[in-house]
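Here is the structure we will look at, set down as structure tokens.
The values are calculated or read from the model by the stated rules, or taken from the named source; none is laboratory data. Predicted, not measured: the structure shown is a model, and the values here were computed from it. Cβ coordinates were reconstructed from backbone atoms using ideal geometry, including for glycine residues, and neighbour counts include every protein chain displayed. The area values use the complete protein model at the heavy-atom level, side chains included, leaving out ligands, DNA and RNA. Shrake-Rupley method; radii C 1.70, N 1.55, O 1.52, S 1.80 Å.
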Amino acid sequence: MRRALRAHGIDVQLCASELVTNVIRHVGEGVPVTVRVWPEEGGRVRLGVTDPDPRALPVLVAAAGAEAESGRGLALLDALAVRWGVEQEAGHKTVWCELFTDAEAVAEAVAVTGTATPKTPERPGRRRRSAGALGHSSARS
């Protein structure tokens, strides 16, 4: 998967790896997964990982302990992504994120907003704090 996504940059590869790992850990090994990447406006790319379990939802954990062996994947995705969320449909869900892939777009966002994150109300990982794990019923969109 990382080789197939190499042209999209290391951040896209890392986020895809984290999202697919979550499917394997929380939905099951051998579960069919679809990974899609497409361009968005403003020098961003959208990554979507679809699996067949619409009930196992990602939850951003407040903080993983220093000795914890897991629990940092969504925090990492949240730190790298412009925004992210979940689209639930009958029979499947897609966890998606948008990332900058264009250095000029990042520089422009910093010049306009003072941060690499554009002003948008859609920062679901930033709005609510969760203390749960994947599989609880807390949805983000």
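Which helices (runs of 4 or more DSSP H) does the stretch 1-98 wholly contain that include 3 or more residues that are open to solvent by less than 30 Å² (accessible area, probe 1.4 Å)?
It comes to 10-26, 73-80.
Residues to consider are 135, 42, 73, 114; find the one that is modelled with pLDDT under 90, within 14 Å of the chain's Cα centre (by Cα) and of a type in the set (Gly, Ala, Ser).
None of the others qualify; the one that does is 73.
Of everything in the stretch 86-111 that's over 17 Å from residue 11 (Cβ atoms) and not acidic (Asp, Glu), which residue is modelled with the lowest pLDDT? Even if it seems obvious, please write down each step before you answer.
Kept after step one, since they are over 17 Å from residue 11 (Cβ atoms), are these residues of the stretch 86-111: 86-94, 108, 111.
Applying the additional criterion that residues be not acidic (Asp, Glu) yields 86, 88, 90-94, 111.
Numbers: 86: 95, 88: 94, 90: 92, 91: 94, 92: 96, 93: 96, 94: 97, 111: 59.
Among them, the one singled out is 111.
List, please: which pairs have Cβ atoms under 7 Å, are six or more places apart or on different chains, and start with a residue in the stretch 1-22 that is farther than 17 Å from residue 85 by Cα and end with one that is of a type in the set (S, T, N, Q) and open to solvent by 50 Å² or more (accessible area, probe 1.4 Å)?
8/101; 9/101
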